[in-house]
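No value in this document is a laboratory result; all are computed from the given coordinates. Given the structure is predicted, the values throughout are model-derived calculations rather than measurements. As a convention, Cβ positions derive from the backbone with ideal geometry for all residues, glycine included, and neighbour counts pool all protein chains shown.
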Amino acid sequence: MSQPDAAALVGPSHRSQPELTSRYGQVMMNTFGAPKRVFVRGEGVHVWDADQNRYLDLLSGLAVNGLGHAHPAVLSAITSQLSTLGHVSNFFATPAQIALAERLVDLTGRGRTDHAKVFFTNSGTEANEAALKATRLTGRSRVIAMEGSFHGRTMGALSLTHNPAYRTPFEPLPGGVTFVPYGDADALADVLDDTVAAVVVEPIQGENGVVSPPQGYLQRVRELTREHGALLWFDEVQTGMGRTGRWLASEGVEADLVTLAKGLGNGFPIGACLAFGAAGQLLKPGHHGTTFGGNPVAAIAGLAVIGVIERDGLLANATAVGEHLANSVESLRHPLVTTVRGEGLLRGIVLAVDIAPKVSDLLLDAGFITNAPRPNVLRIAPPLLITREQIDAFVAALPQALGAARD
Ligand SMILES: *Cc1c(COP(=O)(O)O)cnc(C)c1O
């Protein structure tokens with residue numbers, strides 16, 4: 001019996017970019033605007049569009065593809081798991097999810113002694129929903145979040161997200177959230193009291209344009225939350241899994257809750273909520289659930305990602321190449337570049353004027369994928385395995401895009 005050929009529906013005979021873009025406009029809900037390109041293939045740090053143009057991927061699908069595209073280790077892990085056992089529901093367990101939970105706990109550096117517990121999800125926003133629900137079980141319901149924060153788009157995570165353009169159309173949102181200026185420990189101390197369940201902080205605010213808090217801030221937040229019996233929750237959905245050159249950007253500061261997602265599955269959807277000590281005991285049977293979360297195929301992808309980052313020294317590569325990128329861009333001494341922010345391979349090139357979206361579009365035309373999280377910030381979040389030479393090609397192309405965007 002012949003098999004229905006799903007692949008034929010997306011094969012080369014259906015691949016002209018204008019045609020695909022028009023079909024997209026007909027059938028896809030208009031939540032993202034018109035797509036800038038239709039991509040058909042990826043390999044390593046490169047992707048190809050439907051017209052066979054090649055791009056250097058400096059965004060990694062929003063800090064997701066840390067190992068680049070079609071990484072052989074991820075591919076073989078997923079393929080072998082999928083051909084063995086693809087899905088069973090959370091009535092049952094699989095070796096892959098157990099092993100991934102153990103690995104995640106180990107790489108936080110807190111061993112298994114801190115009674116760390118893991119809840120798997122399919123996305124960052126869901127990891128944050130799990131954490132938010134856990135905070136409700138403390139008996140307190142207030143949460144303090146940061147101005148400029150981004151925690152996701154589902155209603156709970158959205159209630160913690162600061163941007164009014166994202167929030168306002170969907171009010172009323174779950175309440176009890178107070179926003180304080182990011183990086184200002186005194187402002188936090190002013191509103192923190194014994195009614196607060198948790199304080200949620202991104203170690204670096206990626207969506208806000210790659211903004212880091214002052215030195216010592218995270219530790220100070222740890223001390224303040226401890227004083228008031230509030231949980232400390234780091235949203236490391238964007239900063240975790242080696243993106244900043246460390247497994248966790250918050251390394252050295254012991255949070256009660258840590259949420260992960262983007263870089264964890266190299267593009268296979270997976271998120272995780274890690275909870276330490278008493279926080280790991282809050283969610284009890286019946287309190288929370290998920291059909292797909294902890295799926296063995298997603299879990300094996302996570303195991304493969306961790307294995308390759310370790311084997312290939314990609315934390316060190318992210319640190320070294322990230323420094324090289326920042327130094328090289330600053331060395332251009334381009335009048336339109338103010339500074340380069342961030343750590344490791346999560347970088348924001350800050351521009352003197354609000355032309356980042358235009359610069360990003362011109363870079364795309366020149367074969368470089370970036371994005372503009374703010375009107376004056378260009379975000380660079382390439383695969384963790386990118387080389388200096390590949391970064392040099394981007395830096396060489398940057399002045400022309402900047403110049404053309406200003407004209
Ligand atoms: C992307 C992001 C999220 C949301 O993750 P999704 O997988 O898009 O739901 C949450 N928090 C931070 C810090 C993020 O960068």
Efficiency of FRET between A8 and E43 - r from beta-carbon atoms, R0 25 angstrom, step 0.05: 0.70
Label zone at H324 (point 7 Å along Cα-to-Cβ), backbone N below 18 Å, the range 202-244: 243-244
Virtual spin-label span in nm between R388 and M29, 7 Å along Cα→Cβ: 4.7
Ratio of the Cα radius of gyration of the range 1-118 to 2.2 N^0.38 Å, where N counts its residues: 1.45
Between the range 3-71 and the range 356-376, the Cα center-to-center distance that results, in Å: 18
Pairwise Lys count, the chain - Cα closer than 21 Å, eight or more residues apart or different chains: 6
Helical contribution to [θ] at 222 nm, DSSP H n ≥ 4, -39,500 (n - 2.57), averaged over the chain, rounded to 500: -10500 deg cm²/dmol
The chain - Debye-derived log10 I(q)/I(0), Cα point model, q = 0.11 Å⁻¹: -0.85
Phi to ³J(HN,Hα) by Karplus 6.51 cos²θ - 1.76 cosθ + 1.60 over the range 234-245, Hz, x for Gly, Pro: 9, 8, 10, 4, 9, 8, x, 6, x, 4, 9, x
GNM top mover of A396, A185, A301 - the chain, alpha-carbon springs below 10 Å: A396
FRET efficiency for S22 and V395, using Cβ-Cβ distance with R0 set to 41 Å, rounded to 0.05: 0.70
Mean separation of Cα contacts under 8 Å, 6 or more apart, over the residue count of the chain: relative contact order %: 20
Rg and Dmax of the range 199-263, Cα atoms only, in Å: 11.3, 33
Sequence ranges 159-165, 22-28, ranked by mean other-Cβ count within 10 angstrom, highest first: 159-165, 22-28
Highest-fluctuation residue, L158, L137, L346 considered, GNM on the chain with Cα pairs under 10 Å: L137
Kirkwood Rh in Å, taken over all unlike Cα pairs in the range 95-148: 13.1
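For L82 and R311 in the same chain, what is the full-extension length gain: residue separation times 0.36 nm, less their Cα-Cα distance, in nm? Walk me through the numbers on the way to the answer.
Numbers: separation 229, 0.36 × 229 = 82.44 nm, distance 2.36 nm.
Length gained between L82 and R311: 80.1 nm.
Give me the orientation-averaged projected area of the Cα convex hull of the range 267-407, in nm², one decimal.
Seen from a random direction, the Cα hull of the range 267-407 projects 11.4 nm² on average.
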Estimated FRET transfer efficiency when R0 is 45 angstrom, pair S89-R333 (beta carbons, to 0.05): 0.20
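Checking a compactness column here: for the range 142-221, what do you get for Rg(Cα) / (2.2 N^0.38 Å), N being the number of residues?
With N residues counted in the range 142-221, Rg over 2.2 N^0.38 Å equals 1.06.
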